[in-house]
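Participant: Once you've had a glance at the structure underneath, I'll fire off some questions.
The values are calculated or read from the model by the stated rules, or taken from the named source; none is laboratory data. Owing to the predicted nature of the structure, the values given are computational and were not obtained by experimental measurement. Cβ placement follows ideal geometry from the backbone for every residue including glycine, while neighbour counts extend to all protein chains displayed. Surface areas here come from the heavy atoms of the whole protein model, side chains and all, with no ligands, DNA or RNA. Shrake-Rupley method; radii C 1.70, N 1.55, O 1.52, S 1.80 Å.
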Amino acid sequence: MRSMTWAAAALLTLATLGTARAVAVVGQPAPEFTIKDQDGHDVDLEALRGKIVVLEWTNPDCPFVRRHYGAKTMRTLADRFKNRDVVWLAVNSTNYMDAARDRAWRTEQGFSYPVLDDHAGVVGTSYGAKTTPHMFVIDRQGTVVYAGAIDDDAAGGHETTARNYVAEALDDVTAGKAVRVGETKPYGCSVKYAQ
Amino acid sequence: MRLLAALAVLFASASARAQEPSPVDARLVVRTQAVEPGKPFDVGVLLRVQPGWHIYWLNPGDAGLPTSVRWTVPEGFTAGALHWPVPQRFDQPGGVLGYGYTGAVLLGTTVTPPPTLAGDGSVAVRAEVGWLACEKICVRGRKTLDGTLGHAADGATSDPGLFTEWDSRIPVDPGNGDAPASLTARGGVPADGQAGTITVDVDWKRTPAAVEWFPPDDPALDVQAAQSRTDGGRTQLTFRAKRLSGQRPKQAVLESVIAYTDGSGVRRGLRVPINLDGKET
């Protein structure tokens, strides 16, 4: 019995190690993190359990991000769902930026959701964030229910007819329905991780 | 003195705003300027990219934006699809893959005139070009290029040597007599969203070097874990793919490309069409 328990424990450890390199997968638990926002306050994903969380990978130097911020895409959506238990978090994994830059971006663009200072790239790597923007929606149970592009208009120019996948996912989750499109290919500049 | 200082600051800040880098130059080129009724002719956009920067292929990879050229030709003329030369692969930090071009690339197309030419035989051609150029940061660019061929040729440089040079970098059809290899593919991608595995065997007439596979861009298909192994005269390419969220891939046949270096050290390409539902291509 003792050797069987040891073998079972070894298998369990191996299984845990196998999944230790977390990447956000639709249908799986969202990778945990605790990281500081632009004002130095800790933001802990686990503490937000029970809310719907949107993670938006961002980079003020990226033309795709600038186009969306010019059109107020993210801000409008964040505002629309603010009173429906949705927490919007921007994440800046650009290696050459810092909290001061994030504060300046926030002031310049006039939005009120936090920008998480991930210039070390830890949260980006754990989610497998590839582009800016790259969007993730996490439900109240902490499960990833959407991963991918903000909409279907990578090149821009179709703002009025673009299909916003994050708006649809939030409509579905807040209505208690299954998310109709769970995964799309994200578009944007590559996340500027350190060399 | 204070006024001069203020003006200096004003000019400095204005030029700083205008200082967004402009690393791509685009110009219209043609194989020859002669146009004959019914006889197809080649036009193209030559893009030159500053060192350290790159622009993107038809499938940009994990990030980026495909370079685009929209052709406008006169009534009765038709412009075909762009001829995309064999791309390069960029491995960016964080495992972000890019496919595209450094240095220069000629994006050409074949234009077919009608059986009779109207007017004085001059043919106006317009190319609207768009790109995303990336280095440490990314910058979008666009340019409209106008040229005239035929009788009153103007605005488009005639350079047959340039076209010949770039002809050799267009991926060759495996069905052609002079194709460098033959292909067989097996496996498929299920309709239910589960991942499927596809294996392609490429049998080379002459063993090449530096074989690389480039997947096509299809927003509904997630291609992962591609591996290629070249042993003697055969490259075996294996990859997994799944349909995203119940979307139907836009094509039933995957138009992918294999890049290789031939015996003379020249980088060339082979079209690798793969049928997603496992049928023989």
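Participant: If you split all Cα-Cα distances of the protein assembly as shown into 20 Å bins from zero, what percentages do you get per bin, shortest first?
Facilitator: 20, 48, 27, 4, 0
Participant: Probe radius 1.4 Å, ligands and nucleic acids left out: which of B:268, B:229 has the largest accessible area, and how do the rest follow? Don't skip to the end; give the middle numbers.
Facilitator: Working: B:268 75, B:229 165 Å².
Correct descending sequence by accessible area is B:229, B:268.
Participant: Okay, next question. Using a Gaussian network for chain A with springs between C-alpha atoms less than 10 Å apart, which of these wobbles most: A:151, A:85, A:118?
Facilitator: Result: A:85 has the largest fluctuation of those listed.
Participant: Oh, and also: Using the alpha carbons of chain B, what is the convex hull volume per residue in cubic angstrom, as a whole number? Kindly include the intermediate steps, with their values, before the conclusion.
Facilitator: Values: hull volume 55.1 nm³, N = 281.
It comes to 196 Å³ per residue, whole-number rounded.
Participant: For peptide A:182-195, compute the average count of partner chain beta-carbon atoms within 10 Å of each residue's beta-carbon. Write out the running numbers ahead of the final one.
Facilitator: Working: counts 4, 7, 6, 9, 2, 6, 6, 9, 15, 7, 8, 5, 2, 2.
Across A:182-195, the average partner-chain Cβ count within 10 Å equals 6.
Participant: Something else now. Kindly flag which residue pairs out of B:39/B:143; A:51/A:192; A:36/A:177; A:72/A:177; A:36/A:130 have an alpha-carbon separation exceeding 23 Å in this structure. Mind showing how you got there, number by number?
Facilitator: Working: B:39/B:143 28 Å; A:51/A:192 29 Å; A:36/A:177 32 Å; A:72/A:177 27 Å; A:36/A:130 21 Å.
Distance filter (> 23 Å) returns B:39/B:143; A:51/A:192; A:36/A:177; A:72/A:177.
Participant: Using the Karplus equation 6.51 cos²θ - 1.76 cosθ + 1.60 (θ = phi - 60°), what ³J(HN,Hα) coupling, rounded to whole Hz, does each residue of the range B:177-193 give in order, writing x for Gly and Pro?
Facilitator: x, 9, 5, x, 7, 10, 10, 9, 10, 9, x, x, 10, x, 6, 8, x
Participant: Between residue B:191 and residue B:20, what is 0.36 nm times their sequence separation minus the Cα-Cα distance? Round to one decimal in nm. Don't jump to the answer; show the numbers that get you there.
Facilitator: Details: separation 171, 0.36 × 171 = 61.56 nm, distance 4.57 nm.
That pair, residue B:191 and residue B:20, stretches by 57.0 nm at full extension.
Participant: Further question on the same structure: Counting heavy atoms of the protein chains only and a 1.4 Å probe, report the per residue accessible area for the range B:181-275 as a whole number of Å². All intermediate terms of the calculation are to be shown ahead of the outcome.
Facilitator: Values: 4520 Å² over 95 residues.
About 48 Å² of surface per residue is accessible.
Participant: Now a separate question. Using 7 Å Cα-to-Cβ label points, what is the residue B:201/residue B:255 separation (nm, one decimal)?
Facilitator: 2.8 nm
Participant: Could you give the nm distance between label points at residue A:39 and residue B:72, where each point is 7 Å from its Cα heading toward the beta carbon?
Facilitator: 5.2 nm
Participant: What is the range B:2-167 by shape, rounded, prolate or oblate, if you read a ≥ b ≥ c off the alpha carbon gyration tensor as root eigenvalues and call it rounded for a/c under 1.5, prolate for a/b larger than b/c, and oblate otherwise?
Facilitator: On the way: a/c = 2.93, a/b = 1.51, b/c = 1.94.
The shape class here is oblate.
Participant: I would also like to ask the following. In sequence order, what are the phi-derived ³J(HN,Hα) couplings for the range A:179-186 according to the Karplus relation 6.51 cos²θ - 1.76 cosθ + 1.60 with θ = phi - 60°, rounded to whole Hz, with x for glycine and proline?
Facilitator: Here the 3J(HN,Hα) series is 5, 5, 10, x, 8, 9, 7, x Hz.
Participant: Next question. Tell me the accessible surface of residue B:260 in square angstrom (1.4 angstrom probe, heavy atoms of protein chains only), to the nearest ten.
Facilitator: 20 Å²
Participant: Treat every Asp and Glu Cβ in chain B as -1 and every Lys and Arg Cβ as +1, leave all other atoms uncharged, and give the resulting dipole magnitude about the Cα centre to the nearest 20 debye. Mind showing how you got there, number by number?
Facilitator: Details: 28 positive and 29 negative charges, 135 e Å.
The dipole of chain B has a size of about 660 debye.
Participant: Semi-axes of the equivalent ellipsoid for the range B:181-275, please: Cα gyration tensor eigenvalues, times 5, square-rooted, ordered largest first, whole Å. Could the numbers behind the result be given before it?
Facilitator: Values: eigenvalues 143, 31, 20 Å².
One finds semi-axes of 27, 12, 10 Å for the range B:181-275.
Participant: Here is a follow-up. Hey, what did the range B:2-167 get for relative contact order, percent, Cα under 8 Å, at least 6 apart? Write out the running numbers ahead of the final one.
Facilitator: On the way: 349 pairs, mean separation 49.0, N = 166.
Value for the range B:2-167: 30 percent.
Participant: Using the Cα atoms of the range B:195-248, I'd like the radius of gyration and the largest Cα-Cα distance, Dmax, both in angstrom.
Facilitator: 13.3, 42
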